[in-house]
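The values are calculated or read from the model by the stated rules, or taken from the named source; none is laboratory data. Everything numeric here is computed off the predicted structure, so don't read it as measured data. With ideal geometry, Cβ positions are generated from the backbone for all residues, glycine too; neighbour counts draw on all protein chains shown. For the accessible areas, the whole protein counts, side chains as well, though only heavy atoms, and no ligand, DNA or RNA atoms are used. Shrake-Rupley method; radii C 1.70, N 1.55, O 1.52, S 1.80 Å.
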Amino acid sequence: MSFFKDLSLSAFTAGFVAVLVGFTSSVAIVFQAAQAFGATPEMAASWMWALGIGMGLASALPSLWWKKPVMIAWSTPGAAVLAVAGMGYGMGEAVGAFIVCAVLIVLAGATGWFERVMNKIPMAIASALLAGVLARFGLSAFIAAQTALPLVLLMLGTYLVAKRLLPRYAVPLTLLVAIVFVAARGQLAWSSVHFTLTWPVFTVPVFTWQAIVSLSLPLFVVTMASQNLPGVAAIRASGYGDLPVSKLITISGLATLVLAPFGAFALNLSAITAAICMGREAHEDPARRYTAAVSCGAIYVVIGLFGAAVTGLLTAFPKELVAAIAGLALLGTIGGGLAAAVRDEPHREAALITFLVTLSGVTLVGIGSTFWGVVAGALALAVQQIGRAPVAASSAEKAPAGKGIAASGNIAPDTQVAAAPGAGRKNA
């Protein structure tokens, strides 16, 4: 099988790091959302089963089919919305709301309207959006030094030396050294690991207009604006713009629809973990990076089957280790995104505005900064460009169809701008 020939240690490690970052950064929010609807421990475990199986199969199977990295994750901002808005609703109403949201996601993909909107966004704005999303993880890597200075310094030193001597294995070696270090100091919380199979719990959906208005619509809006939008930006900025975005949106919606009665509230394109699996450090050859996504998907499926056990295993790592490995793994992608964002002077200020608004983390009317970053950048670009004679784009912006970030898919992943030359995404 060609997959095993293409698989490498660096690709598998990228898949593992993606799972580690995705789960540990937001699994607590998912449990809070389940508890908001009065979930029993069995129901909460079923949520992890449904999400793990859904993310795993929706990532691994398309990646194997298209031989390109496809990364699906749960909607972290969606879980946050549910954790707040879910009070007062039962699990049946929640499942009904998940199903309505899933239908809306399928329609967004099947009609192609979301991809048409994305095609209007210039590459500079998309790159700035991605850099803004990922930069928060880069900052967290060094903020972690306030509480774990020896660990962060050891990881940074290992990464820099390995980057010089064994660049392909810089992230795996850094992760290995970090795990050995924290294990030697007794900082791994193994007591939270209990190996038991997780069994799905079916909940009969209940449809009410109150739940649709209060849960379905906000869940759909934040999933599309805060997750799928940067997810598409990650795909295009990494040079995989020929992936069928509308089909991927549809797949995520169908997976949500099938698994909603078991607790899958919303599945979507990943941004953070996608950047980890789509970058040069997953594999030097862009044609073999799909193995990182397949590895990630396989681990997700295992998590679904052993939800409580694997979640405990992943959360056993100190939060500083997770923050540091995520930031280091994304350094190359952050730098590449910024380079592409500011390369062309006509788009530079609009791209910087997009980057800063996205990085700010501001939330307005319940919608996150990724959406407002694009809005702010688009408005800035409109003010600067409307009424002026068109300026010739650089080679990074040119493409046969002339369609914003969609056109970037016509350029080979490692020759297209410096969008994602290294490390690596969400989420989660």
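Below is a table of values for the structure above.
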{"item": "Calculated diffusion of segment 1-155, Stokes-Einstein form, Kirkwood radius summed over Cα pairs, 10 °C and 1.306 mPa s, µm²/s", "result": "85 µm²/s"}
{"item": "For segment 60-101 and segment 341-378, distance of Cα centres in Å", "result": "25 Å"}
{"item": "Gyration tensor verdict on segment 183-333 (Cα atoms; rounded if a/c is under 1.5, prolate if a/b is larger than b/c, oblate otherwise)", "result": "oblate"}
{"item": "Ranked packing of 244-256, 73-85, 126-138, most packed first, by mean Cβ within 10 Å", "result": "126-138, 73-85, 244-256"}
{"item": "Unsatisfied cross-links (Cα-Cα over 27 Å) in the set K68/K120; K67/K319; K5/K120; K5/K319", "result": "K67/K319; K5/K120; K5/K319"}
{"item": "Within the accessible area of the chain (1.4 Å probe), percent carbon and sulfur", "result": "71 percent"}
{"item": "Where Rh is the Kirkwood radius over Cα pairs, Rg/Rh for the chain", "result": "0.96"}
{"item": "At q = 0.19, 0.20, 0.21, 0.23 Å⁻¹, base-10 log of I(q)/I(0) for segment 74-188 (Debye sum, equal scatterers on each alpha carbon)", "result": "-1.02, -1.07, -1.12, -1.25"}
{"item": "Globularity index of segment 56-131, i.e. its alpha-carbon radius of gyration over 2.2 N^0.38 Å", "result": "1.42"}
{"item": "log₁₀ of I(q)/I(0) at q = 0.11, 0.13, 0.29 Å⁻¹ - segment 22-88, Debye sum with one point per alpha carbon", "result": "-0.31, -0.41, -1.23"}
{"item": "Share of pairwise Cα separations in segment 244-297, more than 16 Å, in percent", "result": "54 percent"}
{"item": "The chain, helix-only ellipticity at 222 nm - DSSP H runs n ≥ 4, -39,500 (n - 2.57), divided by all residues, nearest 500", "result": "-20000 deg cm²/dmol"}
{"item": "Mean shadow area of segment 1-43, taken as a quarter of the surface of its Cα convex hull (nm²)", "result": "4.6 nm²"}
{"item": "Segment 1-73: chymotrypsin sites (Phe, Trp or Tyr not before Pro) in DSSP coil with no more than 12 other Cβ atoms inside 10 Å", "result": "none"}
